[in-house]
Amino acid sequence: MDGPAAVVGAQLRAVREAAGVSLAALAAQIPYSKSALFYYETGQRTQTPDVIAWYERRFGAIQDPVATLLNLGKADVERRSFLRVGYSTAISASVLLPGWLDRAASVAPDKETGIRHVGQADVAAVRDVMVLFSQIDQRLGGGHGRTAVVQYLTNEVTSYLKGSFASDAVRREMFAAAGELAYLAGWMAFDNDEHAAAQRYFAASTKLSAEANDAPLTGHVLRAMAHQAIDLGQPQQGLQLAEASVSGTRYQAACPRERALLKVVHAKALSAAGEKAESAKALLEAERDLAAASDSDHEPARVFFFSEASLAHETACALRDSGDMAGAAEQFKLSVRKRKATTFTRTHAVTLGYLGTVQARSGELEQACTTWTSALDAMDGVQSGRTRNVARDIRATVAPYRHVAGASEIDERAAEYLAASGI
């Protein structure tokens with residue numbers, strides 16, 4: 001349904017799901033039945049002021065980005081209902097609703113727990129932690145270390161956000177650093193196939209970036225949400241999110257490297273949505289943006305991973321999705337040649353896996369098996385939903401050829417990797 005009731009309903013559902021609360025659980029806490037709440041959240045009934053007030057009373061803290069972070073972290077660490085709610089188009093769509101990305105009311109220090117003085121060194125410490133765990137994620141996958149990131153967010157970063165800041169500039173930088181770390185928690189969850197958790201952290205990160213007035217960071221997070229939506233078979237939603245990521249100052253105020261990242265994912269979203277010509281144009285823009293990057297640029301640490309290898313990988317995905325298998329194979333090969341495999345092990349394994357599948361689809365089974373051997377070698381020790389999906393895809397692709405010696409060995413190795421991953 002369309003209209004104001006649907007918009008408000010999506011916001012109500014988004015804040016409930018962000019808190020990990022089911023409709024049945026909420027109905028037990030407020031004076032409305034589960035069916036009535038369903039009608040309000042889907043917009044089939046116009047929400048009365050009383051209904052909205054009950055949601056605000058129950059989830060009001062969700063609008064406070066600091067409380068959002070604290071609640072998410074506690075629920076995540078406790079792991080009760082947090083992961084039981086599946087990926088929801090409502091949460092992703094809600095970050096594009098009017099008002100969602102507006103700056104929240106200023107967060108006051110918590111007088112009950114004392115005021116912590118926060119300076120530039122504290123901002124640097126949070127960013128150092130983000131870089132450290134980003135590097136771990138790139139090597140070993142999102143399954144390594146995410147709980148540590150969440151605990152640091154919950155215990156240390158929230159106390160900074162409620163502190164007394166040396167200046168307004170420091171305050172904005174701390175909220176941006178917190179937003180980057182919340183984004184990383186979401187990205188690691190996404191990489192490990194914990195999609196509901198990823199959505200919640202991404203949504204929290206957009207609120208923190210809005211509080212920091214950091215438009216490029218908002219674009220960076222929306223780009224990740226677009227990537228997730230595409231991977232989960234939601235191309236139109238992915239395109240909507242990708243277009244939002246390159247809108248206005250989110251793209252214009254970003255450094256050239258980040259602009260290239262935003263634009264290549266936009267191209268990937270266009271391709272997944274069947275808009276081949278527009279995707280080709282966006283790929284050219286991404287190439288120009290990356291070519292404009294230089295060592296003298298002031299770049300946020302969050303884009304350290306994006307290079308020629310990354311651009312080639314995403315370009316290959318866009319070409320593959322548009323049906324250009326030859327072009328995709330060339331770009332995947334370029335990505336493999338350009339990447340530092342020991343630093344970006346997880347993505348290297350995924351690229352090799354994708355390349356092998358493209359080769360197999362093109363009738364080059366022997367070459368595909370050689371490529372997959374390298375992919376499975378790289379996966380050793382990696383805990384990633386994306387590498388697991390590659391292993392599953394390998395098994396599905398070689399299934400008709402298991403009587404062939406090389407294909408049989410690849411199938412066994414992929415099965416062993418999945419078994420070792422607990423799948």
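The values are calculated or read from the model by the stated rules, or taken from the named source; none is laboratory data. Note that the coordinates shown come from a computational prediction; the quantities given were computed from them, not determined experimentally. Note that each Cβ is placed from the backbone with ideal geometry, even for glycine, and that neighbours are counted across all protein chains shown.
Quick check on VAL390: is it closer than 26 Å to VAL131 by Cα and within 24 Å of the chain's Cα centre (by Cα)? Taking the combined requirement at face value, the residue does not satisfy it. Residue by residue through the range 393-416, note down the ones that are surrounded by fewer than 21 Cβ atoms within 10 Å (Cβ to Cβ), at pLDDT 95 or above and touching a Leu at 6+ places or on another chain (Cβ under 7 Å). Matches in the range 393-416: ARG413 only.
Inspection of the range 101-109 finds no residue satisfying the criterion of being over 30 Å from ALA25 (Cβ atoms), at pLDDT 75 or above and either of a type in the set (Lys, Arg) or surrounded by fewer than 13 Cβ atoms within 10 Å (Cβ to Cβ) (or both).
The lone criterion from (1) part of a helix (DSSP H, G or I); (2) surrounded by fewer than 16 Cβ atoms within 10 Å (Cβ to Cβ); (3) at pLDDT 75 or above left unmet by GLY60 is number (3).
Take the conditions (1) under 26 Å from ARG388 (Cα atoms); (2) touching a helix residue (DSSP H, G or I) at 6+ places or on another chain (Cβ under 7 Å); ALA196 misses just one of them, which is (2). Filtering the range 251-269 down to residues that are touching a His at 6+ places or on another chain (Cβ under 8 Å) and not hydrophobic (A, V, I, L, M, F, W, C), which residue is farthest from CYS317 (Cα to Cα)? Once the filter is applied, the top-ranked residue is GLU258.
Looking at ALA293, ALA309, ALA349, just one residue is out of contact with any Leu (no Cβ under 6 Å at 6 or more places or on another chain), surrounded by 17 or more Cβ atoms within 10 Å (Cβ to Cβ) and under 22 Å from ARG413 (Cβ atoms), and that residue is ALA349.
Only one entry in ALA5, ALA53, ALA14 is within 20 Å of PRO98 (Cα to Cα), part of a helix (DSSP H, G or I) and within 23 Å of the chain's Cα centre (by Cα), namely ALA14.
For the structure I just gave you, tell me whether LEU365 is of a type in the set (A, V, I, L, M) and under 24 Å from ASP231 (Cβ atoms). No, not satisfied. Applying the condition of being farther than 13 Å from ALA260 by Cβ and not hydrophobic (A, V, I, L, M, F, W, C) to the range 289-322 and asking which residue is modelled with the lowest pLDDT yields ASP295. With respect to being hydrophobic (A, V, I, L, M, F, W, C) and more than 19 Å from ALA169 (Cα to Cα), ALA215 falls outside the description.
Please tell me if LYS281 is over 20 Å from SER88 (Cα atoms), touching a Ser or Thr at 6+ places or on another chain (Cβ under 6 Å) and surrounded by fewer than 19 Cβ atoms within 10 Å (Cβ to Cβ).
no
For ILE115, the conditions (1) part of a helix (DSSP H, G or I); (2) over 23 Å from the mean Cα position of the chain (by Cα) all hold with the exception of (1). Within the range 306-344, the set of residues being aliphatic (A, V, I, L, M) and not in a helix (DSSP H, G or I) comprises just one member, ALA341. Report yes if some residue within the range 260-271 is out of contact with any Lys or Arg (no Cβ under 9 Å at 6 or more places or on another chain), basic (Lys, Arg), free of Cβ contacts under 8 Å to residues at least 24 places away in the same chain and part of a helix (DSSP H, G or I); otherwise report no. Within the range 260-271, none of the residues are out of contact with any Lys or Arg (no Cβ under 9 Å at 6 or more places or on another chain), basic (Lys, Arg), free of Cβ contacts under 8 Å to residues at least 24 places away in the same chain and part of a helix (DSSP H, G or I).
Answer with yes or no whether ARG320 is closer than 19 Å to ARG392 by Cβ and not assigned by TED's automatic domain parsing to the domain that holds SER134. So ARG320 passes the test.
All but one of (1) over 22 Å from ALA93 (Cβ atoms); (2) modelled with pLDDT under 95 hold for GLU211; which doesn't? Result: GLU211 passes all but (1).
Per-residue answers, yes or no, for (1) in the same structural domain as GLY73 (by TED's automatic domain parsing); (2) out of contact with any strand residue (DSSP E or B) (no Cβ under 9 Å at 6 or more places or on another chain); (3) within 22 Å of CYS317 (Cα to Cα):
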| site | (1), (2), (3) |
| --- | --- |
| ARG171 | yes, no, no |
| GLU180 | yes, yes, no |
| LYS207 | yes, yes, no |
| LEU222 | no, yes, yes |
| GLN237 | no, yes, yes |
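Can you find even one residue in the range 232-241 that is among the hydrophobic types (A, V, I, L, M, F, W, C), touching a residue at least 60 places away in the same chain (Cβ under 8 Å), within 25 Å of SER279 (Cα to Cα) and not in a helix (DSSP H, G or I)? Yes, because at least one residue in the range 232-241 is among the hydrophobic types (A, V, I, L, M, F, W, C), touching a residue at least 60 places away in the same chain (Cβ under 8 Å), within 25 Å of SER279 (Cα to Cα) and not in a helix (DSSP H, G or I).
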